[in-house]
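Heads up, the thing below is written out as structure tokens.
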Amino acid sequence: MDTNSLHMLEYPLVLKRLADHTSFAAGRELALTLQPTADAEHIRLLLRQSAEARRLLSVRPDFHIGEAHDVREDAARAGKGVALDPLTLLSIQKTLAACRIARNSLQKLCADLPALWGMARDITALPELEGEIGRCLSPSGEVLDSASAHLADVRRRLRDTRRELQDRLAQIVKSKRGQEMLQEQLVTERNGRYVLPVRVEAKRELKGIVHDVSNTGATVFIEPMETIESGNELRQLEVEERQEIERILMALSASVGDACGDIELNIGILARLDLALAKALFAEKIRAIEPEIVSDTGERFLRMVNARHPLLRGEAVPLSVELGRDFSVLIISGPNAGGKTVALKTIGLLVLMTQAGLPIPCSDGTRLPVYDEVYADIGDEQSIEQTLSTFSAHISNVARIVKKSTPASLALLDELGISTDPGEGAALAQATLAHFVNKKTNVVVTTHYSEIKAFAHLNKGLRNASLDFDPVTLMPTYRLSVGMPGGSNALNIACRFGLPDEIVDQARSIMSKGSQEVEAMMVDLAAERKRLAEAQLSIDREKARAAELSIALEAEISRIRSKEREMVREIQDNLNTGIAGLYREIREAENELKKQRKKESLERARKALEKITKQTEKQSAQLDRRLSDISEGQSDVEKISVGDSIRLKDMNTAATVVSVDEGQGRLEALVGDIKLTLRLDGVEKIDAPASGDFAERVEARPRTIRTAAPELDLRGQRAEMVESTLDSYLNDAFMSQLPEVRIIHGYGTGAVKGAVREALATHALVKSFRPGGRGQGGDGVTIVELT
């Protein structure tokens, strides 16, 4: 991307803010050198990584890179044969551990975070090297005895020799002779040798080697002759220890050097993961999201929704803008200090951030095309050294942009054509904008020139926009309105900033009448636009309230229908219970009749059963139709009031309403002289009956004739359920005038067979029964002869 434009749009400042969220040097370096790209697929990948990092931190807020260090240079030195110091080796060990932990953690989440796992899976774990360094070095960097058996042996002998030497010197100190000749009763050290502080006048009394003399000359430090050999042995062991430590460090460094390629690759991947996490943290701070990327080269349509400049402190007024569909050039006008340049920088900076794979502070619905370059001409770049005036610097930059830009570029031009004669500047600006329109380059321009505003209004491919100005408070609102140019309001702003009134009034008198009328019109349009915006806001609130009420109404209707279904089911359950009771009474009557063996009584029972069965079928069909109506959301119930004539659906009887309780869904009605309490859904409103029996005027409904099968299969049923099923079947068989039926119960444990034959023994409709014969199922079947 164009370097000058990156600096004009303050892109490096965004990178510094991003780098503050990284965890180690390699990640910070990657953040500070992050550059926008024009590769749409790569941008999408970077944004997916950012989105997944935000998701990761939302569920695992404690996730981090760990104690990683950028040890690539150290690993490279080790690869060249250089021995590394213990602290550097420990840094490498911590970095290897961070790589291993990061990879293992993301592997567990690979299904939810495929983009992050796509990076982490390329990390090469080096557990042997990590473990070897940990075995040889302590956390503080000391080489441990466990580093090698030889080192452990040398250190053991070193401790023994040092203890023996100190014991012998202590004996001299504690002896009578020592107390007489020593300046102090202690053992000290000079030049790595253990010595005794002897008074100068007694130095001849102790044979040995003088290693030092005190500053006063009163004390000489002598290594006694009898400890010289032990001292030599001690020095030799110390040298041997040092050599073994150097050998161990060299061996560890060689192992690091062998893995320097993997280490360099791992740190590069860890830096990219660190950068993705930094993006997520930065996004949380600036309330950013990942925008939609549009790579259609035929139409470069940009839409920003509630966009905010990421470097502004406090609550910035959001910016919503579109560019590239109906017009390719947007002309922003409005008051001085009204936010035009900030709007320009916001658009350019968010495009650069997006193409660098960074989330941007905006709302859902934001979609950005991919530009091959982003050019900017913002601010005063005059140069005394290069003898460039403000206009020269400005126009040379515009000329460069005109030459280099393509239809796939974005150009941001602040105050095009300023710092020269206004007429010539406006003419140059119009010609430049016409060139960009013909080239179909996306351009955003700020201006105060009325000629440019009129040019945008009269020509295709350009659109005016304004940053609003409050005509009451004389303050800018920083809100962008597309479709209408804005006034500069220079005189009002000058007055607000303290310019004397007489000067402002004189300026108004100097202005042409037409200019003043245009300014007044701009103010009136701004006020009208504000009123329209408030009216639209009120309409939107009413729409939202209506939508909420509609949702609440639908919920209430659903609740009522659900309650109605429950009530109908309750009625059906009560009806079934009543029918079952009737069946029991009939069976008892039939048993009595059977005992009396009266054929005429049995025939009457048969007819009564047929009547009840058909009436039950009719009531059940009515309930089924009612349930179907409820499930389809139908409601044909006519409002019932006191005095209305109604029909009891289940009894087919007329009644008169005396009271209605809609809250409880009930009413009271008189049937003759009897007052009944009924459910509203169990009655229907009718015209008042004239005379006669109501049932005679009710439309006759078709009746269902049952046809029973010649056999009943009860296999698999529970014994306690057999009686009701068998009873219902025998009734149907009797009504179907079957002389004989077959009951299949199987062998099994005999429980079902016993229940069947026990029920048959007392059933009123059974004349006789027997086990099945050969070819009929044997004892697994019972043949029943009906009366």
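Taking the criterion of being in contact with a helix residue (DSSP H, G or I) (Cβ under 7 Å, 6 or more places away or on another chain) and open to solvent by less than 20 Å² (accessible area, probe 1.4 Å), the residues of region 714-743 that qualify are L714, V722, L726, D727, N731, F734, V741, I743.
The condition of being of a type in the set (A, V, I, L, M, F, W, C), without any contact (Cβ under 8 Å) to a residue 60 or more places away in the chain and in contact with a helix residue (DSSP H, G or I) (Cβ under 7 Å, 6 or more places away or on another chain) holds for only one of L196, L252, L270, that being L196.
Taking the options G141, G81, name whichever one is at positive phi, touching a residue at least 60 places away in the same chain (Cβ under 8 Å) and not charged (D, E, K, R). Among G141, G81, only G81 is at positive phi, touching a residue at least 60 places away in the same chain (Cβ under 8 Å) and not charged (D, E, K, R). Considering A38, A31, A78, the condition of being under 25 Å from D364 (Cβ atoms) and among the small types (G, A, S) is satisfied by A38 alone. Applying the criterion of being at pLDDT 70 or above and under 18 Å from S481 (Cα atoms) to the residues of region 495-532, the residue that is most open to solvent (accessible area, probe 1.4 Å) is R531.
I need the full set of residues from region 757-787 which are β-branched (V, I, T) and part of a helix (DSSP H, G or I), in order please. Hit for region 757-787 is T762, nothing else.
Would you mind finding the one in G778, G773, G748 that is out of contact with any strand residue (DSSP E or B) (no Cβ under 6 Å at 6 or more places or on another chain), small (G, A, S) and open to solvent by 30 Å² or more (accessible area, probe 1.4 Å)?
Step by step, each of G778, G773, G748 is checked, and only G748 is out of contact with any strand residue (DSSP E or B) (no Cβ under 6 Å at 6 or more places or on another chain), small (G, A, S) and open to solvent by 30 Å² or more (accessible area, probe 1.4 Å).
Scanning region 183-204 for residues that are open to solvent by 20 Å² or more (accessible area, probe 1.4 Å), of a type in the set (A, V, I, L, M) and within 19 Å of L237 (Cβ to Cβ) returns a single hit, V187. If you filter region 751-770 down to residues that are β-branched (V, I, T) and open to solvent by 20 Å² or more (accessible area, probe 1.4 Å), you find that the one that is farthest from G716 (Cα to Cα) is T762. Taking region 260-288 as the range and being buried (at least 22 other Cβ atoms within 10 Å of the Cβ) and either of a type in the set (D, E, K, R) or not in a helix (DSSP H, G or I) (or both) as the test, the residues that pass are D274, K279, A288. For region 195-217, filtered to residues that are part of a loop (DSSP other than H, G, I, E, B) and under 17 Å from Q185 (Cα atoms), the residue that is modelled with the lowest pLDDT is L206.
Screening E233, E238, E180, E244 for residues that are in contact with a helix residue (DSSP H, G or I) (Cβ under 8 Å, 6 or more places away or on another chain), loosely packed, with under 12 Cβ neighbours inside 10 Å and part of a helix (DSSP H, G or I) leaves exactly one candidate, E180.
Which one is nearest to A83 (Cα to Cα), of the residues in region 115-147 that are part of a loop (DSSP other than H, G, I, E, B) and of a type in the set (V, I, T)? If you could, list the steps in order and put the result at the bottom.
Start the filter on region 115-147 by keeping residues that are part of a loop (DSSP other than H, G, I, E, B), which leaves 121-126, 138-142, 144.
Restricting the remaining residues to those that are of a type in the set (V, I, T) gives 123-124.
Details: I123: 25, T124: 23 Å.
Residue satisfying both the conditions and the ranking: T124.
Taking the conditions (1) of a type in the set (A, V, I, L, M, F, W, C); (2) surrounded by fewer than 19 Cβ atoms within 10 Å (Cβ to Cβ); (3) closer than 30 Å to I418 by Cβ in turn, A307 satisfies each one other than (2).
Just so you know, in region 430-453 the residues that are of a type in the set (G, A, S) and more than 19 Å from L323 (Cα to Cα) include one that is modelled with the highest pLDDT, and it is A431. Assessment of region 121-131 against the conditions (touching a Pro at 6+ places or on another chain (Cβ under 7 Å) and surrounded by 16 or more Cβ atoms within 10 Å (Cβ to Cβ)) yields no matching residue. Number of residues in region 421-435 that are loosely packed, with under 15 Cβ neighbours inside 10 Å and in a helix (DSSP H, G or I) equals 5. When restricted to residues that are crowded, with 20+ Cβ neighbours inside 10 Å and of a type in the set (S, T, Y), region 6-44 contains 3. Scanning region 82-114 for residues that are part of a loop (DSSP other than H, G, I, E, B) and touching a strand residue (DSSP E or B) at 6+ places or on another chain (Cβ under 6 Å) yields a total of 0. Here is the figure for region 436-450: residues that are open to solvent by 10 Å² or more (accessible area, probe 1.4 Å), touching a residue at least 60 places away in the same chain (Cβ under 8 Å) and either closer than 16 Å to K345 by Cβ or not charged (D, E, K, R) (or both) total 3. For region 373-400, which positions are of a type in the set (G, A, S) and modelled with pLDDT under 90? Across region 373-400, the qualifying residues are G379, S383, S389, S392, A393, S396. Whenever a residue of region 332-361 is closer than 24 Å to R17 by Cβ and open to solvent by 10 Å² or more (accessible area, probe 1.4 Å), its partners that are aliphatic (A, V, I, L, M) and in a loop (DSSP other than H, G, I, E, B), lying with C-beta atoms within less than 6 angstrom and at least six residues away or across chains, give the pairs K345/L9.
Quick check on my filter: what residues within region 205-230 are of a type in the set (D, E, K, R) and open to solvent by 50 Å² or more (accessible area, probe 1.4 Å)?
E205, K207, D212, E226, E229
The values are calculated or read from the model by the stated rules, or taken from the named source; none is laboratory data. Predicted, not measured: the structure shown is a model, and the values here were computed from it. Cβ sites come from the backbone with ideal geometry, for glycine too, and all protein chains shown count toward neighbours. Calculation scope for accessible area: heavy atoms of the full protein, side chains included, ligands and nucleic acids excluded. Shrake-Rupley method; radii C 1.70, N 1.55, O 1.52, S 1.80 Å.
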